[in-house]
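Since the structure comes first, as structure tokens, the remarks are kept for the end.
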Amino acid sequence: MNVPAELKFTQEHEWVKLEGNVATVGITDYAQAELSDVVFVELPEVGDSVENGETFGTIEAVKALSELFSPISGKVVAVNDQLADSPELVNSDPYGDGWMIKVEVGNPASVDSLLSADDYKNLIS
Amino acid sequence: MVDMDTKKTPLYESHVAAGGKLVEFAGYSMPVQYRGIIDEHKKVREAVGLFDVSHMGEFFVRGPKALDFLQKVTINDVSKLEAGQAQYSAMCYQNGGIIDDLIVYRFADAYMLIVNAGNIAKNFDWLLQHVEDGVALTDDSDDYALMALQGRHAEAVLQDLTKIQLSEVKFYRFAEGDVAGRKAIVSRTGYTGEDGFEIAVGPNDAEPVWQSLMAAGSSYGIEPIGLGARDTLRLEMKYCLYGNDIDETTNPLEAGLGWITKLDKGDFIGASVLRKVKEDKPKRKLVGLQLTDRNIARHGYDILHDGVRVGVITSGSLSPSLGYPIALGYVEAELAVPDTELIVQIRNREASAKVVKTPFYKKPY
């Protein structure tokens, strides 16, 4: 299972990549494999606020529905519009083209408290 | 996760070796998918796929009163069956509620019933309660492995491995013979809406027959198919899934199974209630729904009309063949008309849906 060393992770199987004060958020390779065929991703809009630990969207897979939990607090500055037509990108490229939202984080240091790649590997092993 | 009490089919090791994602289903560890539900679905629609359905149960009914017994406990007319013919049917309680749906096979000297895995014990107990002198009933589920070879190339693949003349085995007919050198029962049946066969063999023959079918199908691109795609394939055909679309609280007439409910065949368990239901017309009907948005309507979601709850979703998925979400649900009978606009309450959202004709999908050959 692919767990990139440079990313941070959550117990709910999201990943976070912090660049400056903007965090990109998606779901992990493990999560996409567990969900299997993603058919629809419901995301917030640019300008919406997300709160650490609160839901920011839902993922419909063929077999099940799951909620997306925000690992950080801040304002949504970009949403992956490609997922509207190609939700399968979440399965084929979870850490790349399958990203979900970019959030301007008020407190970038809060990302440090998320799980490291090693911590996350332990969680899913 | 698979716990210690979960049963394994004789093909379990093949599923693990093929990268199958195993889940517990009806007490068995079964592959829900290998590569992905949508890919596997399309493989069956466009070429051919192989399913392990060994979890299904097999009962045999023998004896001079076997026909009378089956006429009493099943709703279809078993007297119409010739040897070598199979029939889709159901068993009902006195109140008309469905105990299970099943297929009845008539052999020269016996009948075989193939029943849902989750209902094996319940069905067998029920049947035992109604057995009379002159009827021998046995549960032979552990003596059979069952595979389904489904898709337009199924006949070509299977013909490579058997001397049975498959072109003569018509829909819902079966033959006994060797497949890949092993004794088998081959029926032209399935749960996908494609041409195809179900192949019953002894448990020790399952693995070699499975491998032979995979090898014979390789030039057609055959792949193993999991229960996830089995569900989306059957949903596109509006084939009922026991526990979702039909159960002890639904009757066959409202479920659209009037075509197997032979109220004129004589008395059978449930007949008097079902005759009354037919006379009064069912109050609700199972319909196919097409949804406008991308959300999936799932089992248990409410169906609304003019702001009032008029029914409930029983099954739903994205239709991989059609590219939009489809669902089955019970609605009040007067709304069970194609093009009726309805609302499905999907969590906090009201999703538009309309009643459509079924099956949702028809094979193009």
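The values are calculated or read from the model by the stated rules, or taken from the named source; none is laboratory data. All values reported here derive from a predicted model rather than from experimental measurement. Neighbour counts run over all protein chains shown; Cβ positions are idealised from the backbone, glycine included.
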Kindly indicate whether A:G57 is exposed (fewer than 13 other Cβ atoms within 10 Å of the Cβ) and either at pLDDT below 95 or outside any helix (DSSP H, G or I) (or both). no
Does region B:25-58 hold any residues that are within 16 Å of the chain's Cα centre (by Cα), of a type outside the set (A, V, I, L, M, F, W, C) and surrounded by fewer than 24 Cβ atoms within 10 Å (Cβ to Cβ), and which are they? B:H55, B:E58
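Quick one: is B:Q290 under 24 Å from B:Y191 (Cα atoms) and either touching a strand residue (DSSP E or B) at 6+ places or on another chain (Cβ under 8 Å) or modelled with pLDDT under 95 (or both)? So that I can check it myself, show each step before the final result.
Details: under 24 Å from B:Y191 (Cα atoms): yes; either touching a strand residue (DSSP E or B) at 6+ places or on another chain (Cβ under 8 Å) or modelled with pLDDT under 95 (or both): yes.
Judged against the criteria, B:Q290 is a match.
Return a yes/no flag: does region A:68-77 have any residue that is of a type outside the set (A, V, I, L, M, F, W, C) and either without any contact (Cβ under 8 Å) to a residue 24 or more places away in the chain or out of contact with any strand residue (DSSP E or B) (no Cβ under 8 Å at 6 or more places or on another chain) (or both). Break it down into steps so the answer makes sense when it comes.
In the first step, residues of region A:68-77 are kept if they are of a type outside the set (A, V, I, L, M, F, W, C); the result is A:70-71, A:73-75.
Adding the requirement that they be either without any contact (Cβ under 8 Å) to a residue 24 or more places away in the chain or out of contact with any strand residue (DSSP E or B) (no Cβ under 8 Å at 6 or more places or on another chain) (or both) leaves none.
Checked against the condition, which is being of a type outside the set (A, V, I, L, M, F, W, C) and either without any contact (Cβ under 8 Å) to a residue 24 or more places away in the chain or out of contact with any strand residue (DSSP E or B) (no Cβ under 8 Å at 6 or more places or on another chain) (or both), region A:68-77 yields no hits at all.
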Filtering strands (runs of 3 or more DSSP E) wholly in region A:1-53 for at least 2 residues that are in contact with a helix residue (DSSP H, G or I) (Cβ under 6 Å, 6 or more places away or on another chain) and surrounded by fewer than 20 Cβ atoms within 10 Å (Cβ to Cβ) gives none
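Output the residue which, of all residues in region B:77-104 that are over 15 Å from the mean Cα position of the chain (by Cα) and assigned to a strand (DSSP E or B), is surrounded by the fewest Cβ atoms within 10 Å (Cβ to Cβ). Walk me through it before giving the result.
Applying the first criterion (over 15 Å from the mean Cα position of the chain (by Cα)) to region B:77-104 yields B:77-85, B:92-97.
Now restrict to residues that are assigned to a strand (DSSP E or B): B:85, B:92.
On the way: B:Q85: 16, B:C92: 23.
Per the criteria, the residue is B:Q85.
Are any residues in region B:202-231 among the acidic types (D, E) and under 12 Å from B:Y34 (Cβ atoms), and if so, which ones? Steps first, answer last, please.
Let us first name the residues in region B:202-231 that are among the acidic types (D, E), namely B:205, B:207, B:223, B:231.
B:E223, the sole residue that qualifies.
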Scan region B:304-339 for residues that are under 24 Å from B:G243 (Cβ atoms), outside any strand (DSSP E or B) and of a type in the set (A, V, I, L, M, F, W, C) and jot them down. B:A333, B:A336
Selection from region B:227-242 of residues that are touching an Asp or Glu at 6+ places or on another chain (Cβ under 8 Å) and either away from chain A (no Cβ under 14 Å) or in a loop (DSSP other than H, G, I, E, B) (or both): B:C240, B:L241, B:Y242
Total residues in region B:136-173, condition of a type in the set (S, T, N, Q), surrounded by 15 or more Cβ atoms within 10 Å (Cβ to Cβ) and touching a residue at least 60 places away in the same chain (Cβ under 8 Å): 2
Selection within region A:54-77 - touching a Leu at 6+ places or on another chain (Cβ under 9 Å), away from every other protein chain (no Cβ under 14 Å) and more than 19 Å from A:L115 (Cβ to Cβ): A:V76
Number of the exception - B:A271 against (1) surrounded by fewer than 18 Cβ atoms within 10 Å (Cβ to Cβ); (2) over 30 Å from A:A84 (Cβ atoms): (1)
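Pick from region B:250-276 the residues that are out of contact with any Gly (no Cβ under 6 Å at 6 or more places or on another chain) and of a type in the set (V, I, T): which of them is nearest to B:Y330 (Cα to Cα)? Before you say what the answer is, go through the steps one by one.
In the first step, residues of region B:250-276 are kept if they are out of contact with any Gly (no Cβ under 6 Å at 6 or more places or on another chain); the result is B:250, B:252-269, B:271-272, B:275-276.
Imposing the further condition that a residue be of a type in the set (V, I, T) reduces the set to B:250, B:260-261, B:269.
Values: B:T250: 10, B:I260: 19, B:T261: 19, B:I269: 24 Å.
Across region B:250-276, the extreme among qualifying residues is B:T250.
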When (1) more than 13 Å from B:I75 (Cβ to Cβ); (2) outside any loop (DSSP other than H, G, I, E, B); (3) over 12 Å from the mean Cα position of the chain (by Cα) are applied to B:G256, the one that fails is (2)
The residue that is nearest to the other protein chains (Cβ to nearest Cβ), considering only those in region B:281-309 that are of a type in the set (A, V, I, L, M) and crowded, with 21+ Cβ neighbours inside 10 Å, is B:I296
